[in-house]
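Single-structure report; data block below.
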Amino acid sequence: MSAFPKLPTLERLKSSGIPKRLLARTGLVAVQHLLETTGSLFEALIDAGLPAHQIHVLGKAYSTNDRVARKLSELGIRVHETQQPFPWGGYDEHLRLAATAMWQSVADWACPPDIDRLVVLDDGGHATTTVPRELAGRLPIAGVEQTMSGLHGTDDTSLPIPVVAVASSAAKTIIEPLMIREAVFRRVAGLAGPLAKRSMGVIGAGNIGQAIVRGILENAQQVSVYDPEASRLPHDPRVRVCTTAGELLSRCEVLWGCSGADFFDGLELHQVAGATRTLISCSSSDREFRTLLHQLNDRAALDGVSRFADLDIACDGVRLDIRRGGFPINFDGSPESVPSSDIQVTRGLLFAGVMQACAYSADKTTVMLAPEAQRTVVDAWFATRSDRDGRLRPELVDQFADHEWIAQFSGGRRFAAVS
């Protein structure tokens, strides 16, 4: 009996003739959101031949569902805890230290001949960048990165291991943002009511930012956007482009953080003294509003407050409504942040990324998730949806049949297996 839901996309991939020998002597080291469909992914890997006791996983405190963590442990997976407190705005350093501690356990365990190779399944770069140098010299290690922040946090010349870039795959960057947007809007009460009547600003015009912009425009007549990369800004008469972060702060009452960076670094809040600003993160960790969060460490009254609580505070004469403590609004400790019928496409891409990483151990660089694998995942996902998902343009769906088109819109070098 399965501990987690069987996802049709994973079931189709699992039965696609993958040789179990690739997984039987592989260790998997992961930093992931511990959600129901993450459990489904791990269980599919176990069914495909990866022994449960060869999986080490570190959850993220702001997204971990306790029931999921317990069920993973019951399967025999080695679940690492991050229970220690951390300062306001200090989660990335906290997670880096926790990943380092996990690697210490892995280094004591992962030795030939029991393990032939390691695959690092990462979400944000912390597991990849903390790989012990000694361990990398002992075993072939390849990574799989799920988020753009994990890819952008390092450059190719300094990567300690080769990485399969699921994060920049066409399938993920085109399909997933719509799902994230819908999950974010479900978590924000009153979007169609009082909140929608306030002036809206989006920080960052990447894949998630542009999806948020389109969603806001379904409920409002205008939205402002700031992104230092002008080429990413939307071309829409309803979008007001702000040339500086300060301009966006001055114009907008509600700020949606989608940049993966600290928006308030270098900003002066007093320029909007007397105003109220609502801050909503749609990205990762507590990065979007970190400068503001750091200031809370001097407030004794907040010492015992959950780092994931909604905050209503005054700072430099500005009233700040910081949703979920500056962490991504779509994670609230529930078993799933996005419906499983949607997010299974991401889980399928990660499954394919792990398979590719098992067959790759070349130079320390970034390789794209193979277009053939992306097509297989997208086909499997759409096969489960009778309407081929009406939210996506039919011509876009059809383009996923073209491997060269997929490669054109995917980051990293073209994959070539190394025996």
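The values are calculated or read from the model by the stated rules, or taken from the named source; none is laboratory data. What you are looking at is a predicted structure, and each value in this text was computed from that prediction instead of being measured. Please note: Cβ atoms are built from the backbone with ideal geometry, for glycine as well, and neighbour counts cover all protein chains shown.
Annotations
- Out of Thr9, Thr37, Thr26, sole residue that is within 17 Å of Gly353 (Cβ to Cβ) and either touching a Phe, Trp or Tyr at 6+ places or on another chain (Cβ under 6 Å) or among the aromatic types (Phe, Trp, Tyr) (or both): Thr9
- Taking the criterion of being farther than 22 Å from Arg323 by Cα and in contact with a strand residue (DSSP E or B) (Cβ under 7 Å, 6 or more places away or on another chain), the residues of the range 217-237 that qualify are Gln222, Leu233, Pro234.
- Filtering the range 401-419 to residues that are buried (at least 16 other Cβ atoms within 10 Å of the Cβ) and modelled with pLDDT under 90 leaves Gly411, Gly412, Phe415.
- Test: residue in the range 68-84 that is surrounded by 21 or more Cβ atoms within 10 Å (Cβ to Cβ), out of contact with any Pro (no Cβ under 9 Å at 6 or more places or on another chain) and under 26 Å from Val184 (Cα atoms): no
- Test: residue in the range 288-305 that is over 24 Å from the mean Cα position of the chain (by Cα), among the hydrophobic types (A, V, I, L, M, F, W, C) and in a loop (DSSP other than H, G, I, E, B): yes
- Among the residues listed as Val184, Val225, the single one being modelled with pLDDT of 95 or more and outside the structural domain of Pro339 (by TED's automatic domain parsing): Val225
- Remark: pairs (first residue in the range 233-250, surrounded by fewer than 16 Cβ atoms within 10 Å (Cβ to Cβ); second residue of a type outside the set (A, V, I, L, M, F, W, C); Cβ separation under 6 Å; 6+ apart in sequence or on different chains) = Arg238/Gln222.
- Filter result (within 16 Å of the chain's Cα centre (by Cα) and either in a loop (DSSP other than H, G, I, E, B) or closer than 30 Å to Pro87 by Cβ (or both)) within the range 336-368: Glu336, Ser337, Val338, Pro339
Listed here are the residues, each with its yes/no results for (1) in contact (Cβ under 8 Å) with a residue 60 or more places away in the chain; (2) aromatic (Phe, Trp, Tyr); (3) crowded, with 22+ Cβ neighbours inside 10 Å.
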site: Ala261; (1), (2), (3): no, no, no
site: Leu269; (1), (2), (3): no, no, no
site: Ala273; (1), (2), (3): no, no, no
site: Ser281; (1), (2), (3): no, no, yes
site: Ser285; (1), (2), (3): yes, no, yes
site: Asp310; (1), (2), (3): no, no, no
site: Ile313; (1), (2), (3): no, no, no
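- Of the residues examined, Pro328 is one that is over 18 Å from Asp265 (Cα atoms) and either exposed (fewer than 15 other Cβ atoms within 10 Å of the Cβ) or modelled with pLDDT of 95 or more (or both).
- Looking across the range 135-151, just one residue is within 14 Å of Ser259 (Cα to Cα) and among the β-branched types (Val, Ile, Thr), and that is Thr147.
- Test result for Leu151, at pLDDT below 90, outside the structural domain of Ser250 (by TED's automatic domain parsing) and under 15 Å from the mean Cα position of the chain (by Cα): yes
- Checking each residue in the range 1-60 for being hydroxyl-bearing (Ser, Thr, Tyr) and within 22 Å of the chain's Cα centre (by Cα) picks out Thr9, Thr37, Thr38, Ser40.
- Condition met for Asn207 (among the polar types (S, T, N, Q), at pLDDT 90 or above and in the same structural domain as Ser281 (by TED's automatic domain parsing)): yes
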